[in-house]
Amino acid sequence: MLYHLLYPLHTSLSGLNVFRYITFRSIGGAVTAFLIVLFLGKIFIRTMRHFQIGQVVRDDGPETHLAKQGVPTMGGLLILTAITLGTLLWARLDNSLVWLGLFVTLFYGCIGSIDDLRKIRKNNSKGLSARWKLVLQIFGASVVGIVISLHTGFDGHLSLPFLKNIRPDLGWFYVVFAIVVIVGASNAVNLTDGLDGLAAGPTVVTAAVYLMFSYLAGNVVLADYLQIPYVAGSGELAIFCGTIFGACLGFLWFNAFPAQMFMGDVGSLAIGGALGSTAIIIKQEFLLAIVGGIFVMEALSVIMQVGYFKMTHGKRIFLMAPFHHHFEKKGWHEAKVVVRFWIVSIILGLVAIATLKLR
């Protein structure tokens, strides 16, 4: 919005020329989203407490988590507000890819909000059924896959980190692949959101990395030089990623141990959907498995645990899944688990950036 309002005036006021630069608007979007969450955080917490919208703790979870019962939840609504307003203010609104990213984020946020409200109403950890949740997630992801496949210059080839000459062509099957990536990312972030600050920290790192890659993918010269896929118009997604970065950084102010509020499924499902759709749009799908390695690890731990439990009739690989609970059961303090996972996430982010030159 600011671009459309102020940039046309740059011929009269030369200082407004900065609005043409994606880098400037990405920073503006990040700071805006951060301040929105920071300033509205306490009001949101008081409001949730007033309406008794609090966390419902799993009966089979670690005993230390019982103290979290009733802590204000659905903080994801605050994150989504910051992302939406920040993007609408700083991104070019004539860019269809920006609207696509916002659509997935808000649609998955709606799925998460239904899930959260059902948990609160029933006062147990079972919300929206897994079947309906998956159906809705697939629908939202399929919209992205179909729109991308119809986008000018659509390329069904995959981009593999570290390998510049190997690009398998999926053709129209890429739509199915996009659905798997987006739904998988959404559920992976959702599974990670089990400790104070655990999901928000790696999200900040992942959003920062994808901000960089979105900018590069939208610049034909830089994309060609770095030998990454060029996607026309994808540079504007850097602003979108910037708002995710800023919103989650602001959320950490209130979500750091001991948490004053939780993001709930409305936040985790939406964030995962946003990151997954961005990875698909800018053709950096497998990069998400690197920079989002924490999310992947958490999801795999659940899959492995459930599969092994069924095959061995009751035996377990981990003391508890998702993976972060395993370390809690081993005696690690919650804050130590979170900070060490953040450290791993930062290292993975650096590795992801290094793929730009290691090809």
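Table: residues versus (1) surrounded by fewer than 21 Cβ atoms within 10 Å (Cβ to Cβ); (2) over 15 Å from K283 (Cβ atoms); (3) free of Cβ contacts under 8 Å to residues at least 40 places away in the same chain; (4) touching a helix residue (DSSP H, G or I) at 6+ places or on another chain (Cβ under 9 Å).
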residue	(1), (2), (3), (4)
G171	yes, no, yes, no
V231	no, no, no, yes
G235	no, no, no, yes
F240	no, yes, no, yes
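Quick one: how many residues across segment 320-343 are surrounded by fewer than 13 Cβ atoms within 10 Å (Cβ to Cβ) and outside any helix (DSSP H, G or I)? Before you say what the answer is, go through the steps one by one.
Just the residues of segment 320-343 that are surrounded by fewer than 13 Cβ atoms within 10 Å (Cβ to Cβ), to begin with: 329-331, 333, 343.
Filter once more, keeping what is outside any helix (DSSP H, G or I): 330-331, 333.
Total meeting the criteria: 3.
If you go through segment 65-92 one residue at a time, how many are of a type in the set (A, V, I, L, M) and either touching a strand residue (DSSP E or B) at 6+ places or on another chain (Cβ under 8 Å) or modelled with pLDDT under 95 (or both)?
The qualifying residues number 3.
Would you call D196 more than 16 Å from F286 (Cα to Cα) and assigned to a helix (DSSP H, G or I)?
The answer is no for D196.
Can you tell me which of (1) buried (at least 22 other Cβ atoms within 10 Å of the Cβ); (2) over 16 Å from A274 (Cα atoms); (3) of a type outside the set (K, R) is the one V175 doesn't meet?
The failed condition is (1).
If A67 satisfies all but one of (1) assigned to a helix (DSSP H, G or I); (2) under 21 Å from G273 (Cα atoms), what's the number of the condition it fails?
Checking A67 against (1) assigned to a helix (DSSP H, G or I); (2) under 21 Å from G273 (Cα atoms), the one that fails is (2).
Being of a type in the set (S, T, Y) and either surrounded by fewer than 14 Cβ atoms within 10 Å (Cβ to Cβ) or at pLDDT 95 or above (or both) is the filter here; which residues of segment 1-33 pass it?
Keep residues of segment 1-33 that are of a type in the set (S, T, Y), which gives 3, 7, 11-12, 14, 21, 23, 26, 32.
Within segment 1-33, T11, S12, S14, Y21, T23, S26, T32 qualify.
Please find, within segment 210-229, the residue that is farthest from I27 (Cα to Cα) out of those that are in contact (Cβ under 8 Å) with a residue 40 or more places away in the chain and surrounded by fewer than 24 Cβ atoms within 10 Å (Cβ to Cβ). Step through it out loud before you land on a result.
Initially, segment 210-229 is screened for residues in contact (Cβ under 8 Å) with a residue 40 or more places away in the chain, giving 210-218, 226-229.
Imposing the further condition that a residue be surrounded by fewer than 24 Cβ atoms within 10 Å (Cβ to Cβ) reduces the set to 212, 215-216, 218, 226-229.
Details: M212: 12, Y215: 12, L216: 16, G218: 17, L226: 23, Q227: 26, I228: 23, P229: 24 Å.
Top of the filtered list is Q227.
Would you mind finding the one in A279, A238 that is more than 30 Å from M48 (Cβ to Cβ), over 12 Å from the mean Cα position of the chain (by Cα) and in a helix (DSSP H, G or I)?
So the residue among A279, A238 that is more than 30 Å from M48 (Cβ to Cβ), over 12 Å from the mean Cα position of the chain (by Cα) and in a helix (DSSP H, G or I) is A238.
Would you call Q305 part of a helix (DSSP H, G or I), polar (S, T, N, Q) and more than 20 Å from F257 (Cβ to Cβ)?
Yes, satisfied.
From the list M311, M297, M304, which residue is loosely packed, with under 14 Cβ neighbours inside 10 Å and either in contact (Cβ under 8 Å) with a residue 12 or more places away in the chain or not aromatic (F, W, Y) (or both)? Lay out the reasoning, then the answer.
On the way: M297 fails: loosely packed, with under 14 Cβ neighbours inside 10 Å; M304 fails: loosely packed, with under 14 Cβ neighbours inside 10 Å.
None of the others qualify; the one that does is M311.
May I ask you to list pairs of residues, at least six apart or on different chains, whose Cβ atoms are under 7 Å apart, with the first in segment 28-45 being closer than 21 Å to E236 by Cβ and the second being of a type in the set (V, I, T) and surrounded by 22 or more Cβ atoms within 10 Å (Cβ to Cβ)?
Final answer for the pair search is G29/T87; G29/I239; G29/T243; A30/T243; A33/I83; A33/T243.
Hey, does segment 149-163 have a residue that's touching an Asp or Glu at 6+ places or on another chain (Cβ under 6 Å), under 18 Å from I290 (Cβ atoms) and hydrophobic (A, V, I, L, M, F, W, C)?
The answer is no, given that none of the residues of segment 149-163 is touching an Asp or Glu at 6+ places or on another chain (Cβ under 6 Å), under 18 Å from I290 (Cβ atoms) and hydrophobic (A, V, I, L, M, F, W, C).
Go through segment 344-359 and give me each residue that's outside any helix (DSSP H, G or I) and within 21 Å of the chain's Cα centre (by Cα).
Just the residues of segment 344-359 that are outside any helix (DSSP H, G or I), to begin with: 355-359.
Across segment 344-359, the qualifying residue is only T355.
Test V175 against the stated conditions and say whether it is part of a loop (DSSP other than H, G, I, E, B), more than 22 Å from L78 (Cα to Cα) and more than 18 Å from the chain's Cα centre (by Cα). Before you say what the answer is, go through the steps one by one.
Details: part of a loop (DSSP other than H, G, I, E, B): no; more than 22 Å from L78 (Cα to Cα): yes; more than 18 Å from the chain's Cα centre (by Cα): yes.
So V175 fails the test.
Here is a yes/no grid of residues against (1) part of a helix (DSSP H, G or I); (2) free of Cβ contacts under 8 Å to residues at least 40 places away in the same chain; (3) in contact with a helix residue (DSSP H, G or I) (Cβ under 6 Å, 6 or more places away or on another chain):
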position	(1), (2), (3)
F107	yes, no, yes
I111	yes, no, yes
K126	no, yes, no
F139	yes, yes, no
D155	no, no, no
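Quick one: would you say D94 is in a helix (DSSP H, G or I), more than 30 Å from L358 (Cβ to Cβ) and acidic (D, E)?
Answer is no for this residue.
Being part of a helix (DSSP H, G or I), under 18 Å from the mean Cα position of the chain (by Cα) and of a type outside the set (K, R) is true for just one of V135, V144. Which residue is that?
From the options V135, V144, the qualifying one is V144.
The values are calculated or read from the model by the stated rules, or taken from the named source; none is laboratory data. Just so you know, these numbers come straight off a predicted model, no measurement behind them. Using ideal geometry, Cβ is built from the backbone for each residue, glycine included, and neighbour counts are taken over all protein chains shown.
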